[in-house]
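J.: Below you'll find the structure I mean.
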Amino acid sequence: MILKSDKTWSKDWVAEWFPILRLHGEFTDIVFGRVSKQEAPEFFYLDHGHYDGIGGFQQLLAEKEGINLPAPQLKELKSNFLKRILGFILYLLDSRVRHISWNKRQTEGSFKRNHPIPLVLGQQETTKLCEVAKQGHSSVTGLLLGTLDKVVRDTLQNSKQKNIWLLPINMRGQVERVDSKTNHASYISIKTLEHEAATHISLKIKMAIERRYHWAAWWGIVLGQKIGIQGMQKIMAKYYAKKHSWTGTVSNLGIWGKNNTPSHGGWFFCPPVTRAHPVALGCVTFSGKMGLCLQIHSSLDIDGSVAQDMAQKLRTELLKES
């Protein structure tokens, strides 16, 4: 089913989740940034209630680079009815309260916004990393997720447990909203095991999309049409009361521009972190340079030192692969 228009909505039922998260002390802005060799990183924070990652990046490219690039479109993979039913069931199972084990996690009290850590690769490093993924029969997202999963296990967890990650899915081309830059993002869940190969993780991503998991999640996101703001608040309050947690979020905005696209420097991006999704890695490739950015929620990293350490380990692991 395709949402042709949101003109009939009394509210933006996607955006309304973010004020509820802020009521629980979370910071929900999307992080973007730009770097050059001569200057310190320049950060931009956009309200996730008004933009998703793709819409926000389009807006900043227009404002800061003076260029307008079209948003990528979702191409649905072939599926059948049984796969779609399975995807819906898996979504319902994943919607239960879950508990990921952390070595040390603060679940109560006030939290601060930690500084995100950008990692912008050069064109040669980006090309090599993409070649490593291709030669290993993996997607770039699969390689990034597998590498981050290893670093998280080594730094924040007992490495034997099963992790569960949220991967946003761009619904443009299937979902049409009045404002083309607002939230068109659904998601899939990916469960990872210790030492799991990027090839296998990439296959899991493909299977989740074939099962239309993202469609089940989309209708869960816009559930407010039926239950209203109070119903949404009750759902979120339940998750927080029971200390719900997945592992985190990995989001790849894809490839933008060509190698000769004018730019003052490399761009990077990162989705927000919350107590429920305390680790976040964003990826965007612009002008042939891959920009990564890592955030760790202060419930796991009170002073930001863990994020610094993990970012260095992540870079070392990725470049070792390439």
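J.: According to the square roots a ≥ b ≥ c of the eigenvalues of the Cα gyration tensor, what is the shape class of the range 159-262, taking rounded for a/c under 1.5, prolate for a/b larger than b/c otherwise, and oblate for the remainder?
T.: On the way: a/c = 1.96, a/b = 1.09, b/c = 1.81.
In terms of gyration-tensor shape, oblate.
J.: Sticking with this structure for a sec: Counting helices only, and only those DSSP H runs with n ≥ 4, report the 222 nm mean residue ellipticity of the chain as the sum of -39,500 (n - 2.57) divided by its residues, in deg cm²/dmol to the nearest 500. Mind showing how you got there, number by number?
T.: On the way: 9 runs with 116 residues, N = 322.
So the calculated ellipticity at 222 nm is -11500 deg cm²/dmol.
J.: Turning to a different aspect of this structure: What shape does the range 1-114 have by the C-alpha gyration tensor, where a ≥ b ≥ c are the square roots of the eigenvalues, rounded means a/c under 1.5, and otherwise prolate means a/b greater than b/c and oblate the rest? Spell out each step's value before the answer.
T.: On the way: a/c = 1.73, a/b = 1.15, b/c = 1.51.
It is oblate, given that a/c is not under 1.5 and a/b is not larger than b/c.
J.: Measure up Lys78/Lys191; Lys75/Lys243; Lys11/Lys258; Lys75/Lys112 against 31 Å on the Cα-Cα distance and list the ones that go over. It would help to have the intermediate numbers written out before the result.
T.: Details: Lys78/Lys191 22 Å; Lys75/Lys243 36 Å; Lys11/Lys258 38 Å; Lys75/Lys112 38 Å.
Long pairs (Cα-Cα over 31 Å): Lys75/Lys243; Lys11/Lys258; Lys75/Lys112.
J.: Most exposed first by the Cβ proxy, i.e. fewest other Cβ within 10 Å, how do Lys112, Lys150 rank?
T.: Numbers: Lys112 12, Lys150 18.
Ranked by crowding around the Cβ, least crowded first: Lys112, Lys150.
J.: Here is a further query. Using only C-alpha positions, report the orientation-averaged shadow area of the convex hull of the range 181-322, nm², one decimal.
T.: Values: hull surface 46.1 nm².
Result: 11.5 nm².
J.: Rounded, prolate or oblate: pick one for the range 193-234, where a ≥ b ≥ c are the square roots of the eigenvalues of its C-alpha gyration tensor, a/c under 1.5 means rounded, and failing that, prolate if a/b is larger than b/c, else oblate. The partial results should precede the final answer.
T.: Values: a/c = 7.17, a/b = 2.48, b/c = 2.89.
Because a/c hits 1.5 or more and a/b fails to exceed b/c, the range 193-234 counts as oblate.
J.: If you plug each phi of the range 184-195 into the Karplus form 6.51 cos²θ - 1.76 cosθ + 1.60 with θ = phi - 60°, what whole-Hz ³J(HN,Hα) values come out, in order, with x for Gly and Pro?
T.: The phi angles translate into 10, 9, 9, 7, 10, 10, 10, 9, 10, 10, 4, 6 Hz.
J.: I'd like to know how the chain sits against the 2.2 N^0.38 Å rule of thumb: what's its Cα Rg over that expected value? Each step should come with its number before you reach the end.
T.: Details: Rg = 18.7 Å, N = 322, 2.2 N^0.38 = 19.7 Å.
So the chain has a normalised radius of gyration of 0.95.
J.: Still on this structure, I have one more. Where nothing but the Cβ of Lys and Arg (+1) and of Asp and Glu (-1) is charged, how large is the charge dipole of the chain around its Cα centre, in debye to the nearest 20?
T.: Numbers: 42 positive and 28 negative charges, 213 e Å.
Dipole of the chain, to the nearest 20 debye: 1020 debye.
J.: Okay, moving on. Taking K and R as +1 and D and E as -1, what net charge do the other residues with C-beta under 13 Å from the C-beta of Lys64 add up to? Display every interim value, and only then the final one.
T.: On the way: positive: Arg34; negative: Glu42, Glu63, Glu65.
Overall, the nearby charge balance is -2.
J.: Would you mind ranking Ile85, Ile169, Ile164 so that the residue whose beta carbon has the fewest other beta carbons within 10 Å leads the list?
T.: Numbers: Ile85 13, Ile169 21, Ile164 17.
Sorted ascending by nearby Cβ count, the order is Ile85, Ile164, Ile169.
J.: Can you flag which of Lys83/Lys234; Lys134/Lys320; Lys160/Lys313; Lys150/Lys204; Lys181/Lys234 are past 25 Å Cα-Cα?
T.: Cα-Cα > 25 Å for Lys83/Lys234; Lys181/Lys234; rest within.
J.: Let me ask something else. Under a Cβ-only charge scheme (Lys and Arg +1, Asp and Glu -1), can you give me the dipole magnitude of the range 160-263 about the Cα centre, in debye to the nearest 20? List each step's numbers first, then the result.
T.: On the way: 16 positive and 5 negative charges, 67 e Å.
Here the size comes out at about 320 debye.
J.: No partner Cβ under 4.7 angstrom, meaning no disulfide-compatible partner by this rule: which Cys of the chain qualify?
T.: Among the cysteines of the chain, those whose Cβ sits 4.7 Å or more from every other are Cys130, Cys283.
J.: Could you line up Val35, Val120, Val178 from fewest to most neighbouring Cβ atoms inside 10 Å?
T.: Numbers: Val35 19, Val120 22, Val178 10.
Ascending Cβ contact count within 10 Å gives the list Val178, Val35, Val120.
The numbers here are math on the coordinates, done by the rules we state, and not lab data. Just so it is clear, the structure is predicted and the values come from calculations on it, not from any experiment. Neighbour counts are summed over all protein chains in view; Cβ atoms, including those assigned to glycine, are modelled from backbone coordinates with ideal geometry.
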